[in-house]
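Asker: There's a structure below that I have some questions on.
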Amino acid sequence: MPLHSDIARVTDRIAERSQARRSRYMEVIRAQIDKGPKRAHLSCSGQAHAYAGAGPDQAALATKPGPNIGIVTTYNDMLSAHQPFERFPALIKETARAEGATAQVAGGVPAMCDGVTQGETGMELSLFSRDVIALASGVALSHNTFDAALYLGVCDKIVPGLIIAAATFGHIPGIFLPAGPMTSGLPNDEKAKVRQRFAAGEVGRDALMEAEMAAYHGPGTCTFYGTANSNQMLMEFMGLHLPGASFVNPNTPLRDALTQEGARRATQITHMGNEFTPVADVLDERAFVNGMVGLMATGGSTNLILHLPAMARAAGIEITLEDFADISAVTPLMARVYPNGLADVNHFHAAGGLGYLIGSLLEAGLLHDDTLTVAGKGLERYTREPKVSGDRVVYEPGPRESLNDKIVRPVSDPFQKTGGLSQLTGNLGHAVIKVSAVDEARHVIEARARVFHDQDSVKAAFKAGEFTEDTIVVVRFQGPKANGMPELHGLTPTLAVLQDRGLKVALVTDGRMSGASGKVPAAIHVSPEAVDGGNIARVRDGDLLRLDARTGVLEVLEDGFEAREPVVADLSANSHGLGREMFEMFRQNVGLASTGAAVVV
């Protein structure tokens, strides 16, 4: 099938816009490739330092020419998504030895969980942890002794941070190895109902705790389709996972076999072999367009609208909100996974999953098939399904039909004709909205504003019974410069209760929501943000606002609105406590949310 004309047009537009930046980037990468890794050129003392802790691999590193694989790991045992990585280095090293190669843990990088810090001070460090992860990965790889890298990461800011590093070190090959989702627990819709009942005061904390523990019960990624699982989708669509690797549960024979196959493949695509595949050649504009198509087709996380532009910039590519909107307009919504439906990612995977979606989108001409991937040339490889044969991975043809049309549908009969994310513009600036879970009757909201400067004040007003009519809740001074742009996911149950009571409600904020944002319309990432004097700082209680997801409009319907002086807030309390002091330089130097809220690229 020929490539869809609109997908081709957006790709060409990105390539043209990025030409100068991409050319400079590739010049640097080609120069690094020409120099090659320096392991063999280090002084004897330098090599001895690098090999001293390598145990059984010490002699091979010192005397044999085989490739050396650097492992960048986000392992910790506090977070379920990253706990399985404890076993990965041993599997990788054992496999590398069998291939005549070596592997070393190059470094560990931090991984924090937005689910733990939701509504807490630590959430103000969350977005910037992406940049910390990128920087820490840079330190891990700075010894320049590796012929390829394996990146072990899953969750919200972790994968984007690792991608920024992988692109920066784009002269070496890199493969991303996921941990996989935890097995299914309490259904997500039942958990959400308990959260809403708790927000309404109908059940106590003991019932809430019981529901949460039944939902999050073991190792692996949370099973709803939030940012973590959107990241995993992205890595397959962009060709940085092995085919079919994303949604295989931890600590299973197939998961272990895929980890070992990833290590084996890493040894094959170094500069020492015949399939040299540096990350820079994988991460071109076509790969990023494929990633955006995947995001729209699956109704993925709004957080990726922040992360994808930042990731792309690290590879010399410039993506705008217009690109997301234009791709959304021609990409059908093919999946319903919680919070956009009742199924979790395990059900999605069983119904055909990413292999089925990629195959259907390729047949419809909505994806670039000619991309270079870590598995070889062509995205068609990602329609195959991995199986275990002995201790090796073998691939079989994947499903060509949906195995459950309540979860996954073909391009010809989608859940919606367009993707799940839209751009909003108007006199409030630029924003985005995720509409895949929002009832069509709520795609247009026109109501008076209630203005707040933090989410706790919204909850207090709710408990005081102050919301009695249709309302657009405006929460400002929540952008990256103001306080690190914490997620406001804690507002979802409160606003959902108001909506269930029959009110028309919406959220407008310069902050962000989770990939778990659901059925309440939310215009997020408003840019410029309030602390920069953006027009959201000019909104007053009682102003009439219009949020129109159908036409892409977000505006204040008041004469003289833009002539008002912007409100200035006292943000001094955001600068200290739980490490916020150390992140002042990030707040001062961060870019606009509309361009990825980037610091290090």
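Here, each number is a calculation from the coordinates, and none is a lab measurement. The structure displayed is predicted, hence computed values, not measured ones. No Cβ is skipped: glycine too gets one built from the backbone with ideal geometry, and neighbour counts run over all protein chains shown.
Asker: List the aspartates and glutamates whose Cα sits under 20 Å from the Cα of LYS417, skipping any in the same chain fewer than 8 residues away.
Answerer: Hits, sequence-local ones excluded: ASP6, GLU322, ASP323, ASP326, GLU363, GLU401, ASP405, ASP439, GLU440, ASP548.
Asker: Quickly work out the GLU440-to-LEU208 label distance, labels modelled 7 Å from Cα along the C-beta direction, and quote it in nm with one decimal.
Answerer: Here the modelled spin labels are 3.6 nm apart.
Asker: Give me the percent of Cα-Cα pairs in segment 260-390 that sit more than 25 Å apart, rounded to a whole number.
Answerer: Details: 2862 of 8515 pairs.
Of all Cα-Cα distances in segment 260-390, 34 percent exceed 25 Å.
Asker: To the nearest 0.05, how large is the calculated FRET efficiency for ALA40 and GLU86 if R₀ is 30 Å and r is the Cβ-Cβ distance?
Answerer: Rounded to the nearest 0.05, the efficiency is 0.40.
Asker: Give, rounded to the nearest 20 debye, the magnitude of the charge dipole that segment 421-595 has about its Cα centre when Lys and Arg contribute +1 at Cβ and Asp and Glu contribute -1 at Cβ. Numbers along the way, then the final one.
Answerer: Values: 19 positive and 24 negative charges, 79 e Å.
My answer is approximately 380 debye.
Asker: Further question on the same structure: Given Cα pairs under 8 Å that are at least 6 residues apart, what percent is the relative contact order of the chain?
Answerer: Values: 1354 pairs, mean separation 89.0, N = 601.
Relative contact order for the chain comes out at 15 percent.
Asker: Determine the shape class of the chain: with a ≥ b ≥ c the square roots of the Cα gyration tensor eigenvalues, call it rounded for a/c under 1.5, and otherwise prolate if a/b is greater than b/c, oblate otherwise. Please report the intermediate quantities before stating the final value.
Answerer: Values: a/c = 1.66, a/b = 1.55, b/c = 1.07.
Prolate is the answer for the chain, as a/c is 1.5 or above and a/b outweighs b/c.
Asker: Now for a different question. How large is ³J(HN,Hα), in whole Hz, for each residue of segment 266-276 in order, when computed from phi with the Karplus curve 6.51 cos²θ - 1.76 cosθ + 1.60 and θ = phi - 60°, using x for Gly and Pro?
Answerer: Couplings: 4, 5, 7, 10, 7, 5, 7, x, 9, 10, 3 Hz.
Asker: Shifting gears a bit: Work through the residues other than ALA329 whose Cβ is under 10 Å from its Cβ and net out their charges, Lys, Arg +1 and Asp, Glu -1. Don't jump to the answer; show the numbers that get you there.
Answerer: On the way: positive: LYS417; negative: ASP6, ASP326.
Overall, the nearby charge balance is -1.
Asker: Over all pairs of distinct alpha carbons, what does the Kirkwood formula give as the hydrodynamic radius of segment 421-595, in Å?
Answerer: Numbers: mean 1/r = 0.0619 Å⁻¹.
One over the average 1/r among Cα pairs gives 16.1 Å for segment 421-595.
Asker: Taking the Cα centre of the chain as origin and charging only Cβ (+1 Lys, Arg; -1 Asp, Glu), how large is the dipole, in debye to the nearest 20? Before the final figure, lay out each step's value.
Answerer: On the way: 55 positive and 68 negative charges, 195 e Å.
With only Lys, Arg, Asp and Glu charged at Cβ, the dipole is about 940 debye.
Asker: Moving to a separate point now. Show me, bin by bin at 5 Å from 0, the whole-percent P(r) of segment 187-310 based on Cα pairs.
Answerer: Going out from 0 Å in 5 Å bins, segment 187-310 shows 2, 9, 14, 15, 15, 15, 11, 7, 5, 3, 2, 1, 0 percent.
Asker: What per residue convex hull volume, in Å³, comes out for segment 93-214 when only alpha-carbon positions are used? Spell out each step's value before the answer.
Answerer: Details: hull volume 16.3 nm³, N = 122.
Considering the Cα atoms of segment 93-214, their hull volume per residue is 134 Å³.
Asker: I would also like to ask the following. If you put +1 on each Lys and Arg Cβ and -1 on each Asp and Glu Cβ, how big is the dipole of segment 142-276 around its Cα centre, in Debye rounded to 20? Let's see the in-between values first.
Answerer: Working: 9 positive and 12 negative charges, 23 e Å.
Computed about the Cα centre, the dipole is about 100 debye.
Asker: Let me ask another. Quick one: of the DSSP bridges fully inside the chain, what percent are antiparallel, nearest 5?
Answerer: Details: 28 of 59 bridges.
Looking only at bridges with both residues in the chain, the antiparallel portion is about 45 percent.
Asker: In nm, what is the difference between 0.36 nm times the number of residues separating GLU584 and LYS463 and their Cα-Cα distance? Provide the component values of the computation, followed by the final result.
Answerer: Details: separation 121, 0.36 × 121 = 43.56 nm, distance 3.37 nm.
Full extension of this stretch gives 40.2 nm more.
Asker: For segment 421-595, what's the relative contact order in percent, using C-alpha pairs closer than 8 Å and at least 6 residues apart? Don't skip to the end; give the middle numbers.
Answerer: Numbers: 388 pairs, mean separation 51.5, N = 175.
The value is 29 percent.
Asker: Select from PRO2, MET513, GLN588 the residue farthest towards the positive end of the dipole of the chain; place +1 on Cβ of Lys and Arg, -1 on Cβ of Asp and Glu, and compute about the Cα centre.
Answerer: PRO2
Asker: Something else: Expressed in nm to one decimal, what extension gain is obtained for the pair GLU380 and ALA62 from 0.36 nm per residue of sequence separation less their Cα-Cα distance?
Answerer: Values: separation 318, 0.36 × 318 = 114.48 nm, distance 4.00 nm.
That works out to 110.5 nm of additional length.
Asker: Another one. So for ASP156, ASP370, ASP147, fewest C-beta neighbours within 10 Å to most, what's the order? Working shown, then result.
Answerer: Working: ASP156 29, ASP370 11, ASP147 24.
Starting with the residue having the fewest Cβ neighbours, the order is ASP370, ASP147, ASP156.
Asker: So for CYS44, CYS113, fewest C-beta neighbours within 10 Å to most, what's the order?
Answerer: Ranking CYS44, CYS113 by Cβ neighbours within 10 Å, fewest first, gives CYS44, CYS113.
Asker: Another question, then. When the helix-only estimate is applied to the chain (DSSP H runs of n ≥ 4, each -39,500 (n - 2.57), divided by the residue count), what is the mean residue ellipticity at 222 nm, nearest 500 deg cm²/dmol? Write out the running numbers ahead of the final one.
Answerer: Values: 22 runs with 222 residues, N = 601.
Counting only the DSSP helices, I get -11000 deg cm²/dmol.
Asker: Additional query: What is the fewest-to-most order of TYR395, TYR225, TYR25 by other Cβ atoms lying within 10 Å of their Cβ? Provide the component values of the computation, followed by the final result.
Answerer: Details: TYR395 17, TYR225 30, TYR25 21.
Ascending Cβ contact count within 10 Å gives the list TYR395, TYR25, TYR225.
Asker: Please state the Cα pair-distance histogram of segment 1-139 with 10 angstrom bins from zero: what percent is in each bin?
Answerer: 9, 23, 25, 26, 14, 2
Asker: Tally the DSSP beta bridges in segment 421-595 and give the antiparallel ones as a percent, rounded to 5. Walk me through the numbers on the way to the answer.
Answerer: Working: 18 of 32 bridges.
Within segment 421-595, antiparallel bridges account for around 55 percent of the total.
Asker: Out of all DSSP beta bridges with both ends in segment 411-475, state the antiparallel percent to the nearest 5.
Answerer: Numbers: 6 of 11 bridges.
The answer is about 55 percent antiparallel.
Asker: Where the Cα atoms of segment 396-454 are projected onto their three principal axes, how long is each span, largest first, in whole Å?
Answerer: Answer, in whole Å and largest first: 54, 24, 22 Å.
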